[in-house]
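Everything below concerns the one structure shown next.
What follows is calculated from the coordinates using simple rules that are stated; it is not laboratory data. Every value quoted in this text rests on a predicted model; they were computed, and no experiment measured them. Cβ sites come from the backbone with ideal geometry, for glycine too, and all protein chains shown count toward neighbours.
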Amino acid sequence: MKSGKFILSISEYFTLNENWYHGTPDSRELDKKGFTKRTTSVDYIDDIQKYRKTQEQMRMARENDDMETYHELLDKIGDFKKTYTYQAPIFLSDKLNVAKTYADPQRAFDYQNATQKVYKVDVDCDKVVKIIATGDRFRFITVEKVKNGFINAGVSEDKIDELINKFNYYVQNNKGIKTDVIAAIGSYLGFDCIDVVGVLDSYHGGRIRSTVRMVLDHKLIRIV
């Protein structure tokens, strides 16, 4: 067995709450139009090996006080960065009290007229990644836990390592991944939903253990 891969027990892998909730600080647009497509983007490195090599050359130039070479390399290193645009995930929780924390009108642009609301929704996900993230805070998940989730969903370890290196290039210690990067990787690989199980989440910080579902296609969600 390759390092980093583990097998979930049947009960741990499949026993999930199928009640899903979405909290919003202002429900007016959602009441009129339902869930709509929105896009977001993240940066990634197209050729991570050349990028790392250039970084090392910059370090050596700086140590040797060769500032001319350093600035030449600095101009080039930006060429390695690309932008990946994908459908912004819609976040759901299997805990009503967690969803309620996101229905805070103070979060709304027009908070004085905002109408906060929590929706119960049905979700029809076909390709799902389940990341067992027990004890982690939702905004920053341990790399090994993310890897294991994608491997168990059928992605090769080499492929997920490659994508984590490309999309998570700016995290030097390689210990954690932000959730927008996880969503980008899931979208890139063609998954419908990503379930982050046992994570600590609420709008005011990681307080309640729950499952957060990131839905990567708005058409999969139906308001009950």
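Here are the numbers for this structure:
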item: Inter-label distance for His71 and Val128, nm, one decimal - labels placed 7 Å from Cα along Cα-to-Cβ; result: 5.6 nm
item: Region 68-100 versus region 206-224: alpha-carbon centroid distance in Å; result: 20 Å
item: With eigenvalues of the C-alpha gyration tensor scaled by 5 and rooted, region 142-207, Å; result: 20, 15, 11
item: Relative packing of peptides 159-166, 74-81 - highest average C-beta neighbours within 10 Å first; result: 159-166, 74-81
item: Shape box of region 43-87 [Cα atoms, principal axes, largest first, Å]; result: 45, 17, 10
item: Translational diffusion coefficient (Stokes-Einstein; Kirkwood radius from C-alpha pairs) of the chain at 20 °C, 1.002 mPa s, in µm²/s; result: 112 µm²/s
item: Charged-residue dipole, Cβ positions (Lys, Arg, Asp, Glu), the chain about Cα centre, Debye nearest 20; result: 720 debye
item: Cα-only Debye scattering, region 82-207: base-10 log of I(q)/I(0) at q = 0.12 Å⁻¹; result: -0.50
item: Positive-end residue of Thr36, Ile131, Pro25, charge dipole of the chain with Cβ unit charges; result: Pro25
